[in-house]
Amino acid sequence: MIKKIADRFFRWYCRPDYYPDIQGDLEELFQDIKEESPRSAQYLYLIEVIRLFRPALIRPLFKNSLFNSTGMFKNYFKISYRNLVKQRVFSAINIIGLAIGLSAFLLINQYVAFEKSYDKFFSDSDQLYRLTTDQVLDGVIGTRDAMSFAPSGQALVDAVPEVVNSTVTYQFNELIIRQNDQSLTEKRVIAADSNYLEMFDYKVLAGGDPSLMLKDPKSIVLTESRAKAYFGEENPIGKTLKILSGFEEGFKVTGVIEDMHENTHYKFDVLLSIYSLSHRLERDGWGSFNYYTYLKLAPRTDIDELRVKFPRMYEISGEEESDTNLEFNLQAVEDIHLYSDYTYEPEVHGSANTVIFLNVISILIIIIAWVNYINLSTAKAIDRAREVGVRKAIGAFRSQLVIQFLFESFLLNMLAAFLAITLAEMIYPAFNQLVGKDIIEGVWLDQFFLIKVFSFALIGSIVSGLYPAFVLSNFKAVTVLKGKFRDSAKGTLLRKGLVIVQFTVSLILLAGTFIINQQVTYMQSVDKGIDMDYVVGLSRPRYTDDNRDQMMEKYKQFKERLLAHHAIENVGFTNSMPGGSLSDISSTTGEVQVVGKTNILEGTTYMQWCDERYLDAVGLRLIAGRSFNADMATDTSAIIVNQAFLKRLGIHDYESMLNEKIQFGESDDGHNYRLIGIVQDYNRTSLKNKVEPTSIFFNEYSNRLVVRLSPNNYQDGLKYLESTYQSFFPNTPLSYSFLDERFKVLFQEDQQFGNVIATFSILAIIVASLGLFGLSAFMAINRAKEVGIRKVLGATIPQILMIFYREFVVLISLSAIVGIPLVYYTMDGWLNNYAYRVDFPWMFVGAAILLVTTSALLTVGYQTVRVAIKNPSETLKYE
């Protein structure tokens, strides 16, 4: 692909009479190297094509134009080429800086575009909305839930003309599917009605009409990769898969669709007919909102007007208005990934603030690169002044000079663009790993990426080249040729201003990197109120109504067998393991009160079930009362709560609440539980969220269990767990995870964000340092005579250094004055996204200033010392 593009470029610019012979030589060179390294051969071919881009080989580009008749175009190219070669160091600094800036800008731009593309590949994505549930307390929206009631979608289709279709789905935690003797645990399984594949039009690979694939109960649709996992290259349509995990029934494969796009908020590998859950649907009805419901609106529906006239929930559900505090809401599917802050999301979503932050960084990096070019071009005005004077004296117009300097900028930016593409091709695998997503699959194959590269290179040619072009072309011929030209005060002030911009950007990026790293480190190290080291979590096999008693006995024996092993310290059952997402726990929005002690309070209460060993198994700390006791029959109606639960009720004297009755629901038909214990608050999920008010109920054999291993020989315990599980449940594959690893996954997005910021901050500083290196080198050379005179008059090298340093220290001080408020405003706002955050770390702002200062002074000092150590006789001699 690289060779093909290079050959097209060569054919475009090369004279037709030269092309066959030169192309033949290039092809011969390519074939010789291809045998040893095909990839290197393509890059070498491209380099040779760029090197041949010379005036003598370029075909006439403009017929019957002033460029061809006067040879001006060739002259522009020749002069530009000579200047690039003559000033090799400055040209290299500009090209490398622009290439790094452009490649970094475009890679981040690809990531930003990817994050903004979520769910936009569906045909009618702008008409698709998710039906969500808001809990409204005293006119204020409290908890916002991504789920809704199962009947709500169809009810709204019937009641609201603008709603033309709906689909209801249910997400499983995991299911075990068996094909012959092979059993696989599927983590991404949802059930949906027959409208789902009609509204979300995934590409169908087998199975016919998508609207009929899920019409019948016990139907199953697979993605392409899962179909191959079960059936290889065979046609799976009509074949049967047995689903365990409580079903214990065969499901007929009715369709195969494409694998999930990475840029969708609701991913699955297996899709079941929701009509297979008819019992669950009837039981939940308008009583439990555990379903993801999506609506399709009529084209050109005004969503704001629709929200105003949208029916109240009690009007649809048939309840009295006083019986519910829940209301419908609509959320655009295209907005879910970046703009949702709802509970019970199907996956961890992105952040619009992160995308904006990265977008700003990419713009700042490219601005730094352009600033470098402007600074170096205007700083070298004295060197180009005589050239301009001579050309004006022999009749050159200012417009011609402007074109000349813009052409130089264009040539330099084009060279930087080719280098940027090469850099992007080399680093895109590392970039994909950095952001945790396969965003880019190949740079040379991505036409959109190539178009953006050359488009921004062209923009950069104008943005960075226009000001120097007008400055240089504005010199007065008489003044210059008399030797009276001096650098203008305005030019010097502009360069200082641009240097301040570079320092400010570098300071913000460095300080931001330090602060993000500090917050992530804090979240990982802070006491979460739970001991997760050497604790393994897994799911137990499910049971059916027919084998319930048998499986209960198996659970009991399995637990006893594990506890008897020396490398296993504890085993506990629960329905929700720590380290999960917000949706990995049950909740209720009903009323709650301590009978006779508090008023009735509405709000979301999270609910967990566990056995008598669970608290000890995960290290939860009781601050009052006791844990459950399986030998006490009364504990089936007992409850343990955390501190947040009682604080929400306004209770701070925990001991006094023991043995009091906690009631859920209305007084007439509410459920009463005796409070036997209070546990210290603990973080079940990400530290972005506050500790949830949680109530814990007794259930001896919930669907998950945690196993605490002995730290000294945990590997023996793990092997024993695997072998014992296999002996008790041979038809069910074991899938487990360490709880501390589950928590690390919760922080992965923040870690990736910090790594991205750190990486591109370093690149920004490299680009800024390159510009500063070139600028300080030019300043040192221009002030060589001044340095020589000072040495003759007795100045030492440290004194000379201080003179040069003084100017840059002032610039860094000004950048700190500008940068510190910006750092505080942006990063303190970012920290406020976390319920548990560090105090604003001013010392890291100081460290960033120190690092920027050190980098600048080292760069300037190196160039200054190079001039200062020279013998004054060399710097003061007359030309």
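The values are calculated or read from the model by the stated rules, or taken from the named source; none is laboratory data. Quick caveat, the model's predicted, so the values are computed rather than measured. Ideal geometry is used to build each Cβ from the backbone, glycine not excepted, and the neighbour counts take in all protein chains shown. These accessible areas exclude ligands, DNA and RNA; they are computed on the full protein's heavy atoms, side chains included. Shrake-Rupley method; radii C 1.70, N 1.55, O 1.52, S 1.80 Å.
Only residues that are out of contact with any Pro (no Cβ under 9 Å at 6 or more places or on another chain) and of a type in the set (Ser, Thr, Tyr) were counted across the stretch 354-375, and they come to 2. Scoring Asp740 on the criteria (1) of a type outside the set (S, T, N, Q); (2) open to solvent by 40 Å² or more (accessible area, probe 1.4 Å); (3) part of a loop (DSSP other than H, G, I, E, B) leaves a single failure, condition (3). Of Phe77, Phe30, Phe53, Phe10, all but one fail to be modelled with pLDDT under 75 and over 38 Å from the mean Cα position of the chain (by Cα); the exception is Phe77. Taking the listed residues Tyr129, Tyr118, the one that is under 18 Å from the mean Cα position of the chain (by Cα) and either in contact (Cβ under 8 Å) with a residue 60 or more places away in the chain or more than 20 Å from Asp341 (Cβ to Cβ) (or both) is Tyr118, with no other qualifying. What about Tyr291, is it within 31 Å of the chain's Cα centre (by Cα) and open to solvent by less than 70 Å² (accessible area, probe 1.4 Å)? Judged against the criteria, Tyr291 is a match. Scanning the stretch 520-570 for residues that are part of a loop (DSSP other than H, G, I, E, B), out of contact with any strand residue (DSSP E or B) (no Cβ under 7 Å at 6 or more places or on another chain), within 15 Å of Tyr701 (Cα to Cα) and of a type in the set (Lys, Arg) yields one hit, Arg542.
Here the stretch 294-306 is the region considered, the condition is being over 15 Å from Ala155 (Cα atoms) and of a type outside the set (A, V, I, L, M, F, W, C), and the residue that is most open to solvent (accessible area, probe 1.4 Å) is Arg300.
Here Lys597 meets each of (1) touching an Asp or Glu at 6+ places or on another chain (Cβ under 7 Å); (2) under 30 Å from Val348 (Cβ atoms) with one exception, condition (2).
Would you pick out the residues in the stretch 226-252 that are in contact (Cβ under 8 Å) with a residue 40 or more places away in the chain, among the small types (Gly, Ala, Ser) and closer than 16 Å to Gln182 by Cα? Result: Ala229, Ser245. In the stretch 269-288, the qualifying residues are those that are charged (D, E, K, R) and open to solvent by 30 Å² or more (accessible area, probe 1.4 Å), and the one that is nearest to the chain's Cα centre (by Cα) is Arg280. In this structure, does Ile817 turn out to be more than 25 Å from Asn871 (Cβ to Cβ), aliphatic (A, V, I, L, M) and at pLDDT 75 or above? When the stated conditions are applied, Ile817 passes them. Only a single item in (1) in contact with a Lys or Arg (Cβ under 6 Å, 6 or more places away or on another chain); (2) at pLDDT below 90 is not met by Gln127, and it is number (2). I'd like to check something: does the stretch 366-386 contain any residue that is under 29 Å from the mean Cα position of the chain (by Cα), among the hydroxyl-bearing types (Ser, Thr, Tyr), crowded, with 19+ Cβ neighbours inside 10 Å and modelled with pLDDT under 85? No, every residue in the stretch 366-386 fails to be under 29 Å from the mean Cα position of the chain (by Cα), among the hydroxyl-bearing types (Ser, Thr, Tyr), crowded, with 19+ Cβ neighbours inside 10 Å and modelled with pLDDT under 85. State which residue is most open to solvent (accessible area, probe 1.4 Å) when the search covers only the stretch 200-234 and only residues that are part of a helix (DSSP H, G or I) and not charged (D, E, K, R). Taking the candidates together, the pick is Leu212. Looking at Leu675, Leu734, Leu646, Leu718, just one residue is surrounded by 14 or more Cβ atoms within 10 Å (Cβ to Cβ), part of a loop (DSSP other than H, G, I, E, B) and among the hydrophobic types (A, V, I, L, M, F, W, C), and that residue is Leu734. Of the listed requirements (1) under 20 Å from Glu334 (Cα atoms); (2) of a type in the set (Asp, Glu); (3) touching a helix residue (DSSP H, G or I) at 6+ places or on another chain (Cβ under 6 Å), Asp269 misses just one: (1). Name the one entry in Gly436, Gly442, Gly460 that is closer than 28 Å to Thr422 by Cα, modelled with pLDDT of 70 or more and open to solvent by 40 Å² or more (accessible area, probe 1.4 Å). Gly436 is the lone residue from the list that is closer than 28 Å to Thr422 by Cα, modelled with pLDDT of 70 or more and open to solvent by 40 Å² or more (accessible area, probe 1.4 Å). Candidates are the residues of the stretch 774-808 that are within 20 Å of Val371 (Cβ to Cβ) and open to solvent by 30 Å² or more (accessible area, probe 1.4 Å); the one that is nearest to the chain's Cα centre (by Cα) is Glu807. Cβ separations smaller than 6 Å between residues 6+ apart or across chains give the following pairs from the stretch 827-854 residues that are surrounded by fewer than 17 Cβ atoms within 10 Å (Cβ to Cβ) to residues that are of a type in the set (Phe, Trp, Tyr) and outside any loop (DSSP other than H, G, I, E, B): Val838/Tyr522. Taking each residue of the stretch 737-760 that is of a type outside the set (Lys, Arg) and looking for partners that are open to solvent by 60 Å² or more (accessible area, probe 1.4 Å) with beta-carbon atoms closer than 6 Å, six or more apart or interchain, yields Gly754/Asn517.
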